[in-house]
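The values are calculated or read from the model by the stated rules, or taken from the named source; none is laboratory data. These figures come from a predicted structure and were not determined experimentally. Cβ sites come from the backbone with ideal geometry, for glycine too, and all protein chains shown count toward neighbours. Side chains included, ligands, DNA and RNA excluded: accessible areas come from the protein's heavy atoms. Shrake-Rupley method; radii C 1.70, N 1.55, O 1.52, S 1.80 Å.
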Amino acid sequence: MATEQTYIMIKPDGVQRGLVGEIIARFEKRGYKLVAMKLMQASKEHLEKHYEDLSSKGFFNGLIKYMASGPVVAMVWEGKDAVKQGRAMLGATNPLASAPGTIRGDYCIDTGRNIIHGSDAVDSAKKEIALWFPEGLCQYTAATASWIYE
Ligand code: DAT
Ligand code: MG
């Protein structure tokens, strides 16, 4: 299993509801390494690019409005199998279909207020990281690495 990077974003509702610390803690405690993070107010144009694959959907305009309604926390987490594991930690797109113990299953109810984004594949992660972090990532050796990986 390869070391991967995944783009994780706490949506405006997650920020407003004070869930930033809880969410970051889950990735930290699991053992993933934070390699980029910023709080930012994204423009509609930027969000339209992020969600361009969904532009034909009926919910697209509402999605962009929601995502632009306040600041988001943009992050990149790194580690073994990070993309798939990150998605598993998030739960299903519809929080009502998310298992308890997942972030969406524990903290939200409606699909249109599902508090967090996570890349769905290694390729889309690369695209999303380039879009949100054109300045690049922080590379460093985590002091805990030999206690997390065999
Ligand atoms: P995910 O965020 O789980 O990757 P997605 O990429 O299919 O899901 O959709 C992106 C976001 O769009 C999703 O987190 C919430 C919103 N969304 C998806 N399907 C929706 C629907 N049927 N009604 C309203 N919002 C929806
Ligand atoms: Mg998606």
With an 8 Å cut-off on Cα pairs and a minimum separation of 6 or more residues, tell me the relative contact order of the chain in percent. 36 percent
Of every hundred units of 1.4 Å-probe accessible area on the chain, the number belonging to carbon and sulfur atoms, as a percent, is 54 percent
For the stretch 2-150, what is the accessible area per residue in Å², given a 1.4 Å probe and the full set of protein chains? 54 Å²
If you filter the stretch 105-150 for chymotrypsin sites (Phe, Trp or Tyr not before Pro), then keep DSSP loop positions with at most 12 other Cβ within 10 Å, what is left? Tyr140, Tyr149
Theoretical ellipticity at 222 nm over the chain - DSSP helices of four or more residues, -39500 (n - 2.57) apiece, nearest 500: -10500 deg cm²/dmol
Run the reach check for Lys84 against lysines, Cα to Cα strictly under 22 Å, same-chain hits fewer than 8 apart removed. What comes back? Lys11, Lys29, Lys33, Lys126, Lys127
For helix 122-132, report the angle its Cα long axis makes with the longest principal axis of the Cα atoms of the chain; keep it between 0 and 90° and round to the nearest 10°. 70 degrees
With N residues in the stretch 1-88, what two-decimal value do you get for its Cα radius of gyration over 2.2 N^0.38 Å? 1.15
Work out the charge dipole of the chain with +1 on the Cβ of Lys and Arg and -1 on the Cβ of Asp and Glu about the Cα centre, then indicate which of Ile8, Ala145, Ile64 is farthest towards its positive end. Ile64
The chain, Gaussian network, Cα under 10 Å: of Ala99, Ala125, Ala74, the residue fluctuating most is Ala99
Taking the Cα centre of the stretch 80-150 as the origin, how large is its charge dipole in debye, to the nearest 20, when only Lys and Arg (+1) and Asp and Glu (-1) carry charge on their Cβ atoms? 80 debye
Which percent of Cα-Cα pairs in the stretch 4-150 sits in each 10 Å bin, short to long? 11, 42, 37, 8, 1
